[in-house]
Amino acid sequence: MKTVLITGANRGIGLELVKQYLSAGYDVYAACRKTSNELSATAAHIIQDIDVSEPAGVESLKAQVPELDILINNAGILRDEVLGQLNYATIEEQWKVNTLGPLKVTEALLEQLRDGGKIAFVSSRMGSIADNTSGGRYGYRMSKAALNAAAVSVAHDVAHRNISVAILHPGYVQTDMVGGRGEIPASEAAQRLFTRIDQLDMSNSGTFWHSNGSELPW
């Protein structure tokens, strides 16, 4: 049985990814700050009190997971800032959670990730500089652009172990993060992400994909 770890697994896309991988027969480890009733009702191994931005949380996670075939860095936050009234505290908060958090988790779990395994970073097309046609969302855009840069470096640095890396935009998903707005439900986004990760190999490692299968510009 293959093993997958999913961060930010208590709700939204993370919760639906848990369900998707359980349905596909995976042994699922679900990391979150606090579980939810829906997550607790699944057969996943739940790891609580995990803040990916804090060293103690990352060390606790490392101590509780076995060897992995797939690591999915899904945990993230969204805040809003407006030029002229920028909130640098929320920009820094997003940097810590959205950029440094996934990088810390990935580095900490490299020894547990099997050769030939896969790493997925759930990013956003809002991290694409070429795709930015509306401005705003400074902290979120910056944190996801930096995450993309880190993920490409990771892809190069783990290639010798035949570990492939996906950088994925889930779509505009109906989650609490966007107040329930969105174009697709979290269940559909999770199914698409599952497909992209399933199709991931060394030939397309380090690329930036929309969950619908189209490649995104940097």
What do you reckon, is Thr207 more than 24 Å from Tyr26 (Cα to Cα) and modelled with pLDDT under 90? no
Scanning region 129-143 for residues that are among the aliphatic types (A, V, I, L, M) and surrounded by fewer than 18 Cβ atoms within 10 Å (Cβ to Cβ) gives Ile129, Ala130
Top-ranked residue in region 117-172 [being assigned to a loop (DSSP other than H, G, I, E, B), aliphatic (A, V, I, L, M) and in contact (Cβ under 8 Å) with a residue 60 or more places away in the chain; ranked as nearest to Lys96 (Cα to Cα)]: Ile129
Val105 being closer than 21 Å to Pro55 by Cβ and touching a Lys or Arg at 6+ places or on another chain (Cβ under 9 Å): yes
Can you pull out the residues in region 129-154 that are of a type in the set (Ser, Thr, Tyr) and out of contact with any Ser or Thr (no Cβ under 6 Å at 6 or more places or on another chain)? Thr133, Ser134, Tyr138, Tyr140, Ser153
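Yes or no, residue by residue, for (1) surrounded by 17 or more Cβ atoms within 10 Å (Cβ to Cβ); (2) charged (D, E, K, R); (3) at pLDDT 95 or above; (4) touching a Ser or Thr at 6+ places or on another chain (Cβ under 6 Å):
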position	(1), (2), (3), (4)
Tyr88	no, no, yes, no
Val97	yes, no, yes, yes
Leu109	yes, no, yes, no
Gln112	no, no, yes, no
Gly116	no, no, yes, no
Ala120	yes, no, yes, no
Gly127	yes, no, yes, no
Residue count for region 1-25, restricted to those that are more than 17 Å from the chain's Cα centre (by Cα) and more than 19 Å from Thr106 (Cα to Cα): 5
Determine whether region 3-24 contains at least one residue that is free of Cβ contacts under 8 Å to residues at least 60 places away in the same chain, under 28 Å from Ser205 (Cα atoms) and in a loop (DSSP other than H, G, I, E, B). yes
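The values are calculated or read from the model by the stated rules, or taken from the named source; none is laboratory data. Computed from a prediction, not measured in an experiment: that's the story for all the values here. In this analysis, Cβ positions are derived from the backbone assuming ideal geometry, glycine residues included, and neighbour counts consider all displayed protein chains.
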